[in-house]
Amino acid sequence: MASSQSSLSHLFSTPTTTSLQIAPTTSSDDESAYIDWDNLGFQLMQTDYMYVTKCSDDGIFRQGQLNRYGNIQLSPAAGVLNYGQGLFEGTKAYRREDGRIFLFRPEQNAMRMQIGAERMCMPCPSTDQFVEAVKQTAIANKRWIPPFGKGALYIRPLLIGSGPILGLAPAPEYTFLVYACPVGYYFKQRTATLNLYVEEDVHRASRGGAGGVKSITNYAPVLKAMKNAKANGYSDVLYLDAVNKKYIEEVSSCNIFLVKGNVLSTPIAKGTILEGITRKSIMDIAHDLGYTFEERLIEADELFTADEVFCTGTAVGVAPVGSITYKGQRIEYKISSDLSCKQFYSRLVGIQRGVIKDERNWIVEIE
């Protein structure tokens, strides 16, 4: 093991973050990585390749290439470092029982990045370029894709203002980069339910801001609220709208749904809520299963009368909420095997695994 790891030392820079794991690897890119797939969490693990392409003033991204995973060079004056001009996406590659590899709705991520790029004054790869880059990254790192049922290869496309700029203005050069990492459960509790805290003072987004796009600037501001909540035993934070401070919006990194009888409700996306790909998929699945669906303003007080609450996201999947603490009161939700969210998740996974027919062409097979 040690000799295999040292043989790769010339390819990778030594990481400075303690969250990066360098897994023992085999000598061939075609062989499986040595990983304890049964205990795969959600933390950075160095894989083999990343995809990189750039564009300059003409706004056209060149033919990209696969490079060995490693550090990138940036000017201290890079737009992304000085003014936060950057976007990221998240999607996954899965391995089916027969060994085939596929993606789930990657064109939706491409289109969401294009919307974000327009908001952030950035050029963006076309949908075809984006999907092709994701495919190439998945194939190049296929030995890191967990076995069937053990997790997925999380794929992170980045679009950053890499060119140097001193005054406040769009960067003169942009880099589109895609890297990947094998992941399991996002939350440490694994199969346990989430317990959320409603944050009334700190807000994730405000009207007219960039809360509706996947800007890198949306995430660091919530870290303090998350840290405080986790220190008090909560899984994550549920944020309220910044104007009225009474309508729920979303959790730090995922969307939220309420179930009351046969009605499924989620906060309306009006520029302060990120429209998740899993969120869209669950809305369609709920319709297929005969639920009435509402996308609307939801007052936090409705949390007291909801039958069920759950969260969705590429990283978290579909996660049931066991409790929410709001205004000092802990609201408990009944957890059982017949929860609506478990029906939705079962159907989603069935489509991804090929057990249920993919009638909307959500699945993109890559090998």
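Brief remarks follow.
- Residue in the stretch 248-268 that is in contact with a Ser or Thr (Cβ under 7 Å, 6 or more places away or on another chain), closer than 16 Å to ALA205 by Cβ and charged (D, E, K, R) present: yes
- Taken over the stretch 146-189, the criterion of being closer than 29 Å to PHE104 by Cβ, in contact with a Cys (Cβ under 8 Å, 6 or more places away or on another chain) and charged (D, E, K, R) is satisfied by ARG156 alone.
- Candidate set from the stretch 327-367 (those that are touching a residue at least 60 places away in the same chain (Cβ under 8 Å) and basic (Lys, Arg)); member that is nearest to LEU289 (Cα to Cα): ARG347
- Only one of the numbered conditions (1) out of contact with any Asp or Glu (no Cβ under 7 Å at 6 or more places or on another chain); (2) at positive phi is not met by LYS245, and that is (1).
- Every residue from the stretch 74-102 that is part of a loop (DSSP other than H, G, I, E, B) and under 15 Å from TYR51 (Cα atoms): GLU89, GLY90
- The numbered conditions (1) open to solvent by 30 Å² or more (accessible area, probe 1.4 Å); (2) at pLDDT 95 or above; (3) over 17 Å from the mean Cα position of the chain (by Cα); (4) among the hydrophobic types (A, V, I, L, M, F, W, C) are all true for PHE61 except (1).
- Close contacts from the stretch 128-145, counting a first residue that is within 11 Å of GLU107 (Cα to Cα) and a second that is open to solvent by 20 Å² or more (accessible area, probe 1.4 Å) and modelled with pLDDT under 95, with Cβ to Cβ under 7 Å and a gap of 6+ residues or different chains, come to none at all.
- Residues that are part of a helix (DSSP H, G or I), open to solvent by 30 Å² or more (accessible area, probe 1.4 Å) and under 22 Å from ALA169 (Cβ atoms) within the stretch 110-133 comprise GLN114, ILE115, GLU118, ARG119, listed in sequence order.
- Considering residues of the stretch 64-98 that are under 30 Å from PHE148 (Cβ atoms) and without any contact (Cβ under 8 Å) to a residue 24 or more places away in the chain only, the residue surrounded by the most Cβ atoms within 10 Å (Cβ to Cβ): ASN67
- For the stretch 322-367, filtering for residues that are modelled with pLDDT of 95 or more, of a type in the set (A, V, I, L, M, F, W, C) and farther than 25 Å from HIS287 by Cα leaves 2.
- Of the strands (runs of 3 or more DSSP E) lying entirely inside the stretch 299-367, those containing at least 3 residues that are open to solvent by less than 70 Å² (accessible area, probe 1.4 Å) and not aromatic (Phe, Trp, Tyr) span 308-313, 317-326.
- Only a single criterion out of (1) open to solvent by 20 Å² or more (accessible area, probe 1.4 Å); (2) in contact with a strand residue (DSSP E or B) (Cβ under 8 Å, 6 or more places away or on another chain); (3) in a helix (DSSP H, G or I) is not satisfied by PHE148, namely (3).
The values are calculated or read from the model by the stated rules, or taken from the named source; none is laboratory data. All values derive from a computational prediction rather than experimental measurement. Neighbour counts run over all protein chains shown; Cβ positions are idealised from the backbone, glycine included. The accessibility values were calculated without ligands, DNA or RNA, using every heavy atom of the protein model including side chains. Shrake-Rupley method; radii C 1.70, N 1.55, O 1.52, S 1.80 Å.
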